[in-house]
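In what follows, a structure is listed as structure tokens, so that the remarks can point back to it.
The values are calculated or read from the model by the stated rules, or taken from the named source; none is laboratory data. All figures in this text were calculated on a predicted structure; none of them were measured in a lab. Ideal geometry is used to build each Cβ from the backbone, glycine not excepted, and the neighbour counts take in all protein chains shown.
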Amino acid sequence: MDIQKLSSIRTPYYLYDIELLEKTLESINESIKECDNYHVHYAIKANSNPLILKSIKKYGLGIDCVSGGEINACLSAGFSGDSIVFAGVGKSDSEILLGLDNDIFSFNVESQAELDVINSIASSVGKIANVCLRINPDVGAHTHTNITTGLAENKFGIAHSSMLEAILYTQSLKNIRFRGLHFHIGSQILDMSDFKSLCIRINEIQDTLDANHLRADIINVGGGLGIDYMNPNAHPIPNFNEYFSTFKKYLILRDNQELHFELGRSIVGQCGSLITKTLYIKETSVKKFVILDAGMTELIRPALYNAYHKIENLSKGFNVRLTDAITPSSLTATYDVVGPICESSDIFASDFTLPLTSRNDIIAIRSAGAYGESMSSTYNCRPLPKSYTLEELS
């Protein structure tokens, strides 16, 4: 494959490196191979592309869903209901019924009101719903405010102080089976001390359970492991050994207790790139702009979180897999890299150094495999981006 092949496809589009994805999945399985009680679920909200799901199913992961649509996507991809955990703070009646009809592994429940609704619907169809209670541990994370989920002021989970009451309440509901506890403190976490803090808090919670003669068969610690957006070529696969070892070292599990994880970004983030084309180079008295045919409709993270993505001009330095180092042109300029959407926030990067860029140059926006295609929209009546794999284009 060469640059002409990439440029022959109508931009913008997503390009996935399935070989890298499968190496990432192999790394996960290798890291937990001696831990029979560790179970990894893929958080499908990161990317629900069927090409991605096909590989994830092949490597034996379960699924973490946050909507009925995601449950249906998983079922269509061949996942069994008993591999699915269903999270989310606002499950609708029809979504709950969908989960019950497909005998999903568990509902991660976020309030007593939700317990009542699940119990009522389960009773109406003669089912017993397995539930894990999502507990807000009031543990912070070194990440963006908008993707922190484990603090007391966040909307997610049952307050730590209400945990015992909630567990005891499940025992009064005839169509609810309490299975365990669920936690999630945020996303794009690179500091393992955050996960250590979570382990310490869970240990305290488990001591409280022991003192009250209660047991959780499942501890679900969510996900949150981040990726290297600054230098994806150097770190295409996260350090899963360090991540899982943190839980092995600091989390004290009870006998026969299962530990569940819900990883998303760390699995698919680095295998995807948004491929786009330069429409115009615009110069003002104070700025130079690279105007692309991709915008916040294809990749909203920079506009939503001020997120950084590495940008490469493939026409001025090309690598086959998009994971190897490239040697760009020695002639560079500083640009604001922007999209065509009629919003001032439609900016991918400000004051970004690129090889001297021209109209029709092919640009790759890297580390876009997570929360890229899955968050794309038709705003401005734009079509949703198509997707391809490196393997099918080679």
### Message
Name the residue that is farthest from Asn49 (Cα to Cα), counting only residues in the stretch 69-92 that are part of a helix (DSSP H, G or I) and either outside the structural domain of Val221 (by TED's automatic domain parsing) or without any contact (Cβ under 8 Å) to a residue 24 or more places away in the chain (or both).
### Response
Asp82
#### Entry: Boolean, Glu95 is touching a helix residue (DSSP H, G or I) at 6+ places or on another chain (Cβ under 8 Å), part of a helix (DSSP H, G or I) and charged (D, E, K, R)
yes
### Query
Are any residues in the stretch 178-214 surrounded by 15 or more Cβ atoms within 10 Å (Cβ to Cβ) and farther than 30 Å from Ile237 by Cβ, and if so, which ones?
Phe178, Arg179, Ile205, Gln206, Leu209, Leu214
### Message
Looking only at residues that are free of Cβ contacts under 8 Å to residues at least 60 places away in the same chain and part of a loop (DSSP other than H, G, I, E, B) in the stretch 239-265, which one is nearest to the chain's Cα centre (by Cα)?
### Response
Asn239
### Summary
Ser8 vs (1) in contact with a strand residue (DSSP E or B) (Cβ under 7 Å, 6 or more places away or on another chain); (2) not assigned by TED's automatic domain parsing to the domain that holds Thr246: all pass except (1)
### Message
Return the residues of the stretch 62-92 that are surrounded by fewer than 22 Cβ atoms within 10 Å (Cβ to Cβ) and touching a strand residue (DSSP E or B) at 6+ places or on another chain (Cβ under 6 Å); say none if nothing qualifies.
### Response
Gly62, Ser83
### Query
What is the number of the single condition among (1) within 27 Å of Gly224 (Cβ to Cβ); (2) in contact with a strand residue (DSSP E or B) (Cβ under 6 Å, 6 or more places away or on another chain); (3) not charged (D, E, K, R) that Leu279 does not meet?
(1)
### Message
Kindly evaluate Ser123 against the criterion of being among the hydroxyl-bearing types (Ser, Thr, Tyr), over 18 Å from Gly264 (Cβ atoms) and at pLDDT 95 or above.
### Response
yes
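Residues are listed down the side, and each one gets a yes or a no for (1) surrounded by fewer than 22 Cβ atoms within 10 Å (Cβ to Cβ); (2) under 24 Å from Leu384 (Cβ atoms):
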position: Thr276; (1), (2): no, yes
position: Tyr280; (1), (2): yes, yes
position: Ser285; (1), (2): yes, no
position: Ala294; (1), (2): no, yes
position: Leu299; (1), (2): no, yes
position: Tyr305; (1), (2): yes, yes
### Task
Starting from the stretch 198-211, take each residue that is closer than 19 Å to His260 by Cβ and at pLDDT 95 or above and list its partners that are among the polar types (S, T, N, Q) and surrounded by 11 or more Cβ atoms within 10 Å (Cβ to Cβ), counting only C-beta distances under 8 angstrom and pairs at least six apart or across chains.
Cys199/Thr246
### Query
Considering only residues of the stretch 364-394 that are farther than 18 Å from Leu292 by Cα and of a type in the set (A, V, I, L, M, F, W, C), which is modelled with the lowest pLDDT?
Leu393
#### Entry: Set Ser27, Ser31, Ser55: member being of a type in the set (Gly, Ala, Ser), in contact with a Leu (Cβ under 7 Å, 6 or more places away or on another chain) and more than 24 Å from Met296 (Cα to Cα)
Ser55
## Note on the structure
Taking the stretch 93-132 and keeping residues touching a Leu at 6+ places or on another chain (Cβ under 9 Å), surrounded by 16 or more Cβ atoms within 10 Å (Cβ to Cβ) and small (Gly, Ala, Ser) leaves Ala122, Ala129
### Task
Identify all residues within the stretch 2-54 that are more than 30 Å from His182 (Cα to Cα), among the basic types (Lys, Arg) and part of a loop (DSSP other than H, G, I, E, B); write none if there are none.
Arg10
### Query
Taking the stretch 1-60, which residues are within 19 Å of Ser76 (Cβ to Cβ), loosely packed, with under 14 Cβ neighbours inside 10 Å and small (Gly, Ala, Ser)?
Gly60
### Summary
Taking the stretch 333-368 and the residues there that are among the aromatic types (Phe, Trp, Tyr) and within 28 Å of the chain's Cα centre (by Cα), the one that is surrounded by the fewest Cβ atoms within 10 Å (Cβ to Cβ) would be Phe352
### Summary
Exactly one of Ile52, Ile28 is of a type in the set (A, V, I, L, M, F, W, C) and either in contact with a Cys (Cβ under 8 Å, 6 or more places away or on another chain) or more than 15 Å from Ile237 (Cβ to Cβ) (or both), and that residue is Ile52
### Message
Looking at Tyr229, Tyr169 in this structure, which one is among the aromatic types (Phe, Trp, Tyr), at pLDDT 95 or above and either touching a His at 6+ places or on another chain (Cβ under 6 Å) or part of a loop (DSSP other than H, G, I, E, B) (or both)?
### Response
Tyr229
